[in-house]
Amino acid sequence: MAKQCAICGKGSMLVWRRVRLRATKYNPTIKRRQYPNLQWTRLLNGKRVLACAKCIKATAKKRK
């Protein structure tokens, strides 16, 4: 199962965290992977897919 939105294709991204050493010095050493907020949701045709929270909100607005 891919960690990717089935609607928009949003996937993981690599982020850098800056570690503060002294007053104005930073050491950008920690990098980690951030994943999107994926939730199981049901589309209009009845199919269950993993979609990000942003797409779920957008589809809820379209249904009204």
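For ILE30 and ALA53, compute 0.36 nm times the residue count separating them, minus their Cα-Cα distance, and round to one decimal in nm. Working shown, then result.
Details: separation 23, 0.36 × 23 = 8.28 nm, distance 2.67 nm.
Between ILE30 and ALA53, full extension yields an extra 5.6 nm.
Provide the per-residue ³J(HN,Hα) series for region 16-30, in order, calculated from phi with Karplus coefficients 6.51, -1.76, 1.60 and θ = phi - 60°, each as a whole number of Hz, with x at glycine and proline positions.
With coefficients 6.51, -1.76 and 1.60, one gets 9, 10, 8, 9, 7, 8, 10, 4, 10, 9, 10, 10, x, 9, 8 Hz.
So which trypsin sites (Lys or Arg not before Pro) in region 1-42 end up in coil per DSSP with only 14 or fewer other C-beta atoms within 10 Å? Show your work: numbers first, answer last.
On the way: sites: LYS3, LYS10, ARG17, ARG18, ARG20, ARG22, LYS25, LYS31, ARG32, ARG33, ARG42; in loops: LYS3, LYS10, ARG22, LYS25.
Passing both the DSSP loop test and the Cβ count: LYS3, ARG22, LYS25.
Send over the per residue convex hull volume for the chain, Cα only, as a whole number of Å³.
105 Å³
From the backbone phi of region 40-45, what are the Karplus-calculated ³J(HN,Hα) couplings (6.51 cos²θ - 1.76 cosθ + 1.60, θ = phi - 60°) in whole Hz, Gly and Pro given as x?
6, 9, 9, 7, 5, 7
To the nearest 0.05, what FRET efficiency results for TRP40 and MET13 with a Förster distance of 25 Å applied to their C-beta separation? Show your work: numbers first, answer last.
Values: r = 22 Å, r/R0 = 0.87.
After rounding, the FRET efficiency stands at 0.70.
Every number in this text was worked out from the coordinates using simple rules, so none of it is lab data. Note that the structure is a prediction, hence the values are computed from the model and not measured. In this analysis, Cβ positions are derived from the backbone assuming ideal geometry, glycine residues included, and neighbour counts consider all displayed protein chains.
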